[in-house]
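Here's the structure, in structure tokens; my notes come after.
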Amino acid sequence: MSATRAAAPPRTPAPDAGAHPAAGRRVPTLLRHLGVALVAALLLVVVSYGLDPFRNFQLATVAAYLCATAGLTVLTGLNGQLSLGHGALMATGAYTVACCQAAFADAGLTGGGWLAVSLVAAVLAALAVGAVVGAAAARLRGPYLAGVTLAVAVVVPALTVTFDGVFNGEQGLSVPVEPPPAALGAYFPYERWQLWVAAAATLLALVLLANLVRSRYGRTFRAVRDDEVAARLAGIHVARTQVLAFVVSAAGAGLGGALLAVLAQSVSPGAFSLTLSLFLLMAVVIGGLGSLAGALWGAVLLVVLPDLTHSLTEQLTLSPAVAQRMEGNLPLAIFGVTLIVVMIAAPGGVQGLLARLGRALAARLPGRRRS
């Protein structure tokens, strides 16, 4: 009996019954995401010194759009809800940051800390609007859901024109922004400082979204997207999950709109038209639905495409009226053609195509080749 007891393996403490099975993996995942964000931040700082001011501004604009496309990826790609009104949610964040910055400037409150407060207020305002729209959208499906979000995309810019005493109508509002800190030097480029601010806010948002996607909330988003009946039978509150996805997506759109307003130092209803909502949706589909990396490709496309069409119209010998009309409609046409081509050639979007190429290359490596 004693020999049997001596040979028995030592007992391990029983796991806590209330602990989630993924609790031990959350800290490494968070640290990994923070590490990637830190490396990306260092790379952006280094790259910003080698780029001219215009390219720095373009990168900052990509960062602003990335907040909106990442939020829309969570809503449409992970939860399966179609939204045509994210341009209006971006307008909510943009006008909120404009009003807050104007109020702080009138009160004599300056500094980067107050800009951070304005950005947080913009996220909260968009979050509140998203909660209201999401509560209504959770009861709808298919074209009815698209119709509600389409109405939001039309109504919100119209409100800024109706209440012109507050929002200054079509002229819009200016966004007072302080110059770079004096510690960076008297000749520090303003566009480089814009890139740093936009990148810091965007990387923080991406870390939060990446951890949300990896958590049980991300799993419930995907479960509701795949089969609502099965998710309901598994004990998931479908309506609550859909509202949560819409709120998270609205917060990302609000932050993106606020950053765009800070970059442009102005906001007007024309900058957040229905066309922007369509561009956002097509960008996440082309980039790759269900992937935050696909949201990055979509944000890059949103910035590169207008510059490309502008260069194209400059090379054509057209009258000013025709050139202006083409410059306004050509991006949407190119987006549509690109969407068709991508859906035929790579249904998973740009990120899905890159993933397939990566797997194909990995299969050809000598260590992976079957004997």
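The values are calculated or read from the model by the stated rules, or taken from the named source; none is laboratory data. It should be emphasised that the depicted structure is a prediction, and the values quoted were computed from it without experimental measurement. Counting neighbours? That spans all protein chains shown, and the Cβs are built from the backbone with ideal geometry, glycine included. Just the protein is used for accessible areas: all its heavy atoms, side chains included, with ligands, DNA and RNA removed. Shrake-Rupley method; radii C 1.70, N 1.55, O 1.52, S 1.80 Å.
To the nearest ten degrees, helix 292-315 and the longest principal axis of the Cα atoms of the chain are 30 degrees apart. With the helix formula -39500 (n - 2.57) applied to DSSP H stretches of n ≥ 4, the chain reaches a computed 222 nm mean residue ellipticity of -25000 deg cm²/dmol. Test of understanding: extend the Cα→C-beta vector of THR29 to 7 Å, then name every residue of region 348-364 with backbone N under 11 Å from that spot. What the label zone holds, given the 11 Å backbone N cut-off, is no residue at all.
What is the calculated FRET efficiency for SER174 to VAL238, with r their C-beta to C-beta distance and R₀ = 56 Å, to the nearest 0.05? Given R0 = 56 Å and the Cβ-Cβ separation, E is 0.80.
State the Cα centre-to-centre distance between region 123-152 and region 193-243 in whole Å. Value for the Cα centre distance between the two parts: 16 Å. Close amide-amide hydrogen proximity is noted between SER266 and VAL175, each under 5 Å apart and 5 or more residues distant or on a separate chain (H modeled in the peptide plane; Pro and chain starts excluded).
As a ratio to 2.2 N^0.38 Å, the alpha-carbon radius of gyration for region 70-218 is 1.21. In the chain, the longest principal axis of the Cα atoms and the axis of helix 274-287 are about 40 degrees apart.
Here the gap between ALA182 and SER215, fully extended at 0.36 nm per residue and compared with their Cα-Cα distance, gives a gain of 7.8 nm.
Note on LEU357 and ALA333: the model spin-label points, each 7 Å out from Cα along the C-beta direction, lie 2.8 nm apart.
So, R0 is 30 Å and r is the distance between the beta-carbons of ALA40 and ARG364; what FRET efficiency does that work out to, to 0.05? The computed FRET efficiency comes out at 0.55.
Heavy-atom accessible area for TYR190, with the other protein chains in place and a 1.4 Å probe, reaches approximately 50 Å². Between ALA158 and LEU140, the contour length at 0.36 nm per residue exceeds the Cα-Cα span by 4.1 nm.
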